[in-house]
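These notes concern the structure reproduced below.
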Amino acid sequence: MQNPLLDFIKPYAPRDLDAMRELIGAEGGKSIDINVQESSGTTVLHWAVRRWYIDLARLVLERGADINIQDVEGDSSLHLVSIAGGNVSLFELLL
């Protein structure tokens, strides 16, 4: 199963944060499910963390992204940061 939200975001990340804000919805809005998962268990937050897109990670966290969701490998977003080289800014954002 594809994640339609990721399909919309990928062309804009990380260069157009305003476009991503519009796609995700108004601040605090619940117009979309920010935690929708692909068949691999990947969420937008997982995807942003894997690519060190800090601004996108911050944006989806503000919209209610769940840092505890695990992918099919059992990896949460925080775990992905730690195994991907430990980007300190991203690590602190997730704490």
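The values are calculated or read from the model by the stated rules, or taken from the named source; none is laboratory data. Since the structure is predicted, the reported quantities are computational estimates derived from the model, not experimental observations. Glycine also receives a Cβ, built like all others from the backbone with ideal geometry; neighbour counts cover every protein chain displayed.
For region 48-81, name all the residues that are outside any loop (DSSP other than H, G, I, E, B) and hydroxyl-bearing (S, T, Y).
S77 - this is the single residue of region 48-81 that is outside any loop (DSSP other than H, G, I, E, B) and hydroxyl-bearing (S, T, Y).
Among E38, E27, E22, which is the only one that is on the phi < 0 side of the Ramachandran plot, in contact with a helix residue (DSSP H, G or I) (Cβ under 8 Å, 6 or more places away or on another chain), modelled with pLDDT under 85 and of a type in the set (D, E)?
Of the residues listed, the single one that is on the phi < 0 side of the Ramachandran plot, in contact with a helix residue (DSSP H, G or I) (Cβ under 8 Å, 6 or more places away or on another chain), modelled with pLDDT under 85 and of a type in the set (D, E) is E27.
Could you list all residues from region 82-95 that are at pLDDT below 85 and part of a loop (DSSP other than H, G, I, E, B)?
A84, G85, G86, N87, listed by residue number.
If I filter region 57-77 down to residues being touching a helix residue (DSSP H, G or I) at 6+ places or on another chain (Cβ under 7 Å), closer than 22 Å to G25 by Cβ and of a type outside the set (A, V, I, L, M), which single residue comes out as surrounded by the most Cβ atoms within 10 Å (Cβ to Cβ)?
Going through the qualifying residues, I end up with S77.
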